[in-house]
Protein chains: 2
Amino acid sequence: MSSPVHHLILASTSPRRRDLLMQAGLTFRVIPATVDENSVRPGSPEKHVRQLARAKAEEVSEHYPESWVIGADTIVTIDGEVLGKPKTKAEAGRMLETLSGKTHRVLTGYCICCRKKKRTFCDVVETEVLFKELTKKEINWYIGTGEPFDKAGGYAVQGLGIFMVKRIQGSYTNVVGLPVCEVIDYLYKEGVIER
Amino acid sequence: MSSPVHHLILASTSPRRRDLLMQAGLTFRVIPATVDENSVRPGSPEKHVRQLARAKAEEVSEHYPESWVIGADTIVTIDGEVLGKPKTKAEAGRMLETLSGKTHRVLTGYCICCRKKKRTFCDVVETEVLFKELTKKEINWYIGTGEPFDKAGGYAVQGLGIFMVKRIQGSYTNVVGLPVCEVIDYLYKEGVIER
């Protein structure tokens, strides 16, 4: 898979999204958007991640109108509640207790745009994730590793958190932070990447 | 997660299984079994992977009776046919054409045993994997990367092959080669690893 250098831009600071695109063999630059995550109007989780992904892609696209820009946003929801990124041990503990033994949803909104070509494509991909039953000791051990703190829902499926994830239904990479199959399929069909 | 050095043994040459256990934070040794994969009696795919996993674990266990040994075997099946590891480009091409746009099953048998403690646990975990529709060009590009050749079914979900995997149903790590949640859960309940 080849793409001209600087042609493709990932508008995200997430090292997990960067790793996914690298795993897939893409050549790209990382130019994070500065969008205020609170700037989008409140709405359903689906609307929220879609709007935020679009805002991120379009912001960076303004400065690089000839490039194809990918923006994305991921949230974790369970029983109608959105779980953000825990800031304290207590908060992480509550989140992991909530997820224990149950199925939650991971929603990733992504937006791919190119200003010069007047192309914008946005979509939301949903994955269901079933956690095993966690003991208090397991939760405390996981919090002690420090991994929960900068992760939506308080866990990283591509990290130590893998021991908690029993089953998923849908896209795996979507849980990591970007639905790679869908993103690459779009870039391929638009001729952005060649094979 | 801590475990005494040399206490836990992975009886597999697969770098993918090794990476999964490392990702999960386990301390272990790799001591591959020398079991002849054709030595187990022909049977259903489930029986086949279970028997082979058990043979691998028990072989290594004989030499390390005080250790906990993990053996595993993974196969890919579709429409009643088992897809092995392709040896030629033509064979890889046929496999990927077979998988294109369809759902296949990945079965991993695993066996964990400790001779001294007289404990043996074997199970088989199944995951369904849906591939996107692949073009001839995409298949040829993927074969050109060389990745299909040492992989059951002709692809690596944790490698470049990720672009083909649209959805999975079940354990993701099982597709990579070892159902990590189940393996760690067993080790934890047996007191082999602590938290």
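Observations, loosely collected:
- Residue pairs exceeding 25 angstrom between C-alpha atoms, taken from A:LYS47/A:LYS137; A:LYS56/B:LYS137; A:LYS166/B:LYS102; A:LYS151/B:LYS189; B:LYS85/B:LYS137: A:LYS47/A:LYS137; A:LYS56/B:LYS137; A:LYS151/B:LYS189.
- Descending Cα extents along the principal axes, segment A:8-189, whole Å: 54, 34, 25
- The charge dipole of the protein assembly as shown, taken about the Cα centre with unit charges on the Cβ atoms of Lys, Arg (+1) and Asp, Glu (-1), comes to about 160 debye, rounded to the nearest 20.
- For segment A:8-189, the antiparallel share of DSSP beta bridges with both residues in that region comes to about 85%.
- With a 10 Å cut-off around each Cβ of B:185-194, the average count of Cβ atoms from other chains is 2.
- Per-bin percent of Cα-Cα distances, the protein assembly as shown [10 Å]: 5, 22, 29, 26, 14, 4, 0
- Centre-to-centre separation between the Cα atoms of segment B:165-195 and those of segment B:121-140: 18 Å.
- Computed over chain B: relative contact order in percent, which uses C-alpha pairs under 8 Å that are six or more apart: 22 percent
- The mean number of Cβ atoms from other chains found within 10 Å of a Cβ in peptide A:152-159 is 1, as a whole number.
- No disulfide-compatible partner, judged by a Cβ distance under 4.7 Å, exists for the following cysteines of chain A: A:CYS113, A:CYS114, A:CYS181.
- Helix-only CD estimate at 222 nm, as mean residue ellipticity for chain B, using -39500 (n - 2.57) per DSSP H run (n ≥ 4): -9500 deg cm²/dmol
- Nonlocal amide H pairs with B:ILE193, under 5 Å, H built at 1.01 Å: B:TYR188
- Annotation: amide H of B:VAL30 within the under-5 Å range of B:LEU10, sequence separation 5 or more or interchain, hydrogens built in the peptide plane.
- Distant-in-sequence amide H partners of A:ALA156 (H built 1.01 Å from N, under 5 Å): A:GLY161
- Alpha carbon centroid spacing (whole Å) that separates segment A:1-78 from segment B:44-71: 45 Å
- Low-density loop cleavage sites - GluC sites (Glu not before Pro) in segment A:1-91, where at most 15 other Cβ are within 10 Å (DSSP): A:GLU37, A:GLU66
- Computed from Cα atoms, the angle from the helix B:89-99 axis to the main principal axis of chain B rounds to 90 degrees.
- Against the rule of thumb 2.2 N^0.38 Å, how large the Cα Rg of segment B:111-195 comes out: 1.44
- For the peptide B:166-177, the mean number of other protein chain Cβ atoms found within 10 angstrom of a residue's Cβ is 5.
- Crossing angle, helix A:45-63 versus chain A [Cα axis fit, 0-90 degrees, rounded to tens]: 40 degrees
- Across segment B:1-77, Cα-Cα distances exceeding 19 Å account for 37% of all pairs.
Each reported figure results from applying straightforward, stated rules to the coordinates on display, with no laboratory input. Keep in mind that what you see is a predicted model, and the values were worked out from it rather than measured. Here the Cβ is made from the backbone with ideal geometry for all residues, glycine too, and neighbour counts use every protein chain on show.
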